[in-house]
Each structure stands twice: as structure tokens, then as C-alpha cells.
Amino acid sequence: KISSNMLPKAEEKKEDELNPLENERLQRVFEHLIDQTKLEKDKEYDDECAKIEAKYKVEEDIKRDDKDKKKSERLKKKEAEKSKLKEKGLKITEGDLMKILEVLDPKSKPKITDVRDMIWEVDEDMDRCVSFSELKQMYTRCSRDKEWLEPRKLFNLIQFLMFLSDFHKTDITSEDTLQLLFIRNQADRTALDESLFAIFGEGKGKDAKGDEVHLNYSQYLEKVNKMALDNYKLSKRAKEQSVKGSTFLPGKSTMSAKQPQRFLQLLYSLYK
């Protein structure tokens with residue numbers, strides 16, 4: 001049974017704003033993910049910093065007679081390069097996602113192509129990494145998408161991690177999901193029950209014996225992918241019925257149905 005004290009208070013907010021709990025959980029997941037390859041990032045940062053130092057040392061030797069002002073400008077430029085390099089370490093990389101997927105599903109080795117697809121879905125600045133800003137935009141779009149059209153590969157992983165109360169765990173229960181699903185469904189208890197049913201089945205978190213159901217990442221992914229497909233079909237059917245009932249007569253389109261898809265495939269091939 002769901003008690004009211006287990007659920008957060010519904011707060012009025014703009015459509016594109018995250019609830020404080022969502023923001024807190026998202027930040028926590030982001031920080032956990034960028035730590036997955038911390039040692040490798042630290043070594044890469046040190047190596048690159050050494051190269052930058054060496055480059056500017058050569059310039060200083062060549063321009064030993066420069067005035068102090070020019071030396072100061074070179075120093076600022078050097079520090080800017082090092083700062084940009086450090087910023088890269090504060091983004092989710094392919095390595096970070098590979099590591100966390102290996103932890104969540106050790107029996108199934110993650111494919112680098114799948115990880116690149118995840119990043120491509122949200123990579124606004126095309127740097128092959130995911131910043132917190134990009135992650136937040138993606139989470140907002142997907143969690144508020146009522147037509148189920150947004151790509152959800154990275155979202156599904158992030159949502160699963162947000163449900164985890166402890167990153168040493170690799171499975172979730174219905175109790176883990178309650179607060180976030182309550183917020184997602186805008187405090188609608190009926191919608192909450194439907195979400196629990198879609199993820200955990202008829203018992204909404206309990207099996208036939210009354211024991212708590214635990215889902216690992218693969219099982220969760222299977223459930224939410226089916227839920228997304230079912231909801232997309234419902235949304236599409238409702239839209240088609242709405243169009244049939246309207247008096248609006250659209251003109252004939254000059255673009256084939258496959259053209260947008262081909263355009264996206266071309267963009268993706270360039271990105272890769």
C-alpha cells in the first residue's frame with residue numbers, strides 16, 4: 001500500500017522546470033557517472049597539461065625579450081587551454097557509460113555503438129560527451145513528452161540510476177520508484193498506478209506470494225520499452241482520430257515519408 005508520506009508534495013512549476021527532487025537525483029547520477037573513469041581522466045588531464053606547459057615553455061624561450069604584457073597574455077591563454085581541458089573531465093564520456101553498463105548488466109557486454117547512440121541523442125555541441133546541461137535538457141524533454149516521440153536510450157539508463165537509492169545496488173523495487181513516478185504523473189494517483197502496473201506487473205511491486213519484486217536493468221529496460229511503444233501507439237491513434245474528426249484539409253506534401261529519416265541517418269553518419 002502506498003502511504004501519502006512516501007510521496008513528495010506536488011509543486012506548481014513551469015512545464016520545462018524540474019521538480020527539486022528530480023534535479024537533485026539527476027545531479028547525483030551525473031556526478032556518479034563522471035567518476036566512472038576518474039583515474040583515466042586524471043591521467044589524461046595530467047598528460048595534456050604537460051603538453052600545454054611544454055608548448056608555452058618553447059614560446060617563452062623564443063620570445064624571451066617580449067614585454068611583460070605579452071607574457072601575461074600568453075599565461076592567460078595557457079590557463080584558458082588548461083581550464084577547457086579540465087571542463088572536458090566534467091562531462092559524461094563513452095567510457096563512463098561503458099563502465100556503468102558493465103556494472104548494471106555484467107552478463108551482457110555493452111556495445112560501443114549503443115553507447116555512441118545514447119550520446120548522439122543528446123549531444124547538442126557535438127563533442128561526443130554529455131554535459132550536465134545537455135543531460136538536464138534530455139531528461140526534461142523525455143519526461144514531459146506526452147506523444148512518446150523522443151529518443152530514450154540514454155533517458156532509460158539515467159532514470160534507472162535515479163531510482164537507485166544506493167549505487168551499490170543493481171536492481172530496483174516499486175518503493176524505489178514511487179517518488180519520481182508520482183512527480184512524473186503530476187500527483188495523479190491513477191496514472192501512478194498505471195505506471196507501476198506497466199513496470200512491475202499486476203501486483204504493482206508484489207509477486208503472487210506477496211514478496212517484493214526486484215527488477216535488474218535488463219528487465220526494467222524490457223518493461224519501459226514496451227510501455228513506450230504501447231503509449232506511442234495510443235498517442236498516434238488518438239491523433240489520427242482527431243484529424244479524421246476535424247474539417248481541416250491538408251495540402252499534398254512534396255516530401256516523402258522516408259526523407260526525414262534519411263536526413264537523420266546522414267547526419268548520424270557524419271557525426272560518427
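The values are calculated or read from the model by the stated rules, or taken from the named source; none is laboratory data. Worth saying up front: this structure is predicted, and the values here are computed from it rather than measured. Note that each Cβ is placed from the backbone with ideal geometry, even for glycine, and that neighbours are counted across all protein chains shown. Side chains are part of the model used for accessible areas, which takes the heavy atoms of the whole protein and leaves out ligands, DNA and RNA. Shrake-Rupley method; radii C 1.70, N 1.55, O 1.52, S 1.80 Å.
If you go through the stretch 145-157 one residue at a time, do you hit one that is open to solvent by less than 20 Å² (accessible area, probe 1.4 Å) and in a loop (DSSP other than H, G, I, E, B)?
No.
Restricting attention to the stretch 158-177, the residues that are of a type in the set (A, V, I, L, M, F, W, C) and open to solvent by 10 Å² or more (accessible area, probe 1.4 Å) total 1. Looking across 125, 193, one residue alone is assigned to a loop (DSSP other than H, G, I, E, B) and without any contact (Cβ under 8 Å) to a residue 24 or more places away in the chain. It is 125.
Only a single criterion out of (1) under 16 Å from residue 155 (Cα atoms); (2) open to solvent by 20 Å² or more (accessible area, probe 1.4 Å) is not satisfied by residue 217, namely (2).
For the stretch 96-110, which residues satisfy the criterion of being surrounded by 11 or more Cβ atoms within 10 Å (Cβ to Cβ) and more than 22 Å from residue 41 (Cβ to Cβ)? Within the stretch 96-110, 105, 108 meet the criteria. Entry remark, the stretch 191-211: residues being within 20 Å of the chain's Cα centre (by Cα) and open to solvent by 80 Å² or more (accessible area, probe 1.4 Å) number 0 in total. If you go through the stretch 215-248 and keep only what is modelled with pLDDT under 80, of a type in the set (A, V, I, L, M, F, W, C) and part of a helix (DSSP H, G or I), you end up with just 243.
Scanning for something under 23 Å from residue 25 (Cα atoms) and in a helix (DSSP H, G or I), does the stretch 205-214 turn up at least one residue?
no
Applying a threshold of 7 Å to beta carbon distances and a minimum spacing of six or more residues, or different chains, the list of pairs starting in the stretch 31-58 at a residue that is under 22 Å from residue 93 (Cα atoms) and ending at one that is open to solvent by 70 Å² or more (accessible area, probe 1.4 Å) and not charged (D, E, K, R) reads 34/90. Mind checking whether some residue in the stretch 178-190 is outside any helix (DSSP H, G or I), open to solvent by 50 Å² or more (accessible area, probe 1.4 Å), closer than 26 Å to residue 212 by Cα and among the hydroxyl-bearing types (Ser, Thr, Tyr)? No - not one qualifying residue is present in the stretch 178-190.
Looking at 182, 163, which one is closer than 19 Å to residue 33 by Cα, within 20 Å of the chain's Cα centre (by Cα) and not hydroxyl-bearing (Ser, Thr, Tyr)?
Checking each option against the conditions leaves just 163.
Residue-level analysis places residue 251 among those that are over 20 Å from residue 161 (Cα atoms) and at pLDDT below 70. Of all residues in the stretch 160-175, which are touching a Leu at 6+ places or on another chain (Cβ under 7 Å) and in a helix (DSSP H, G or I)? Result: 162, 163, 174.
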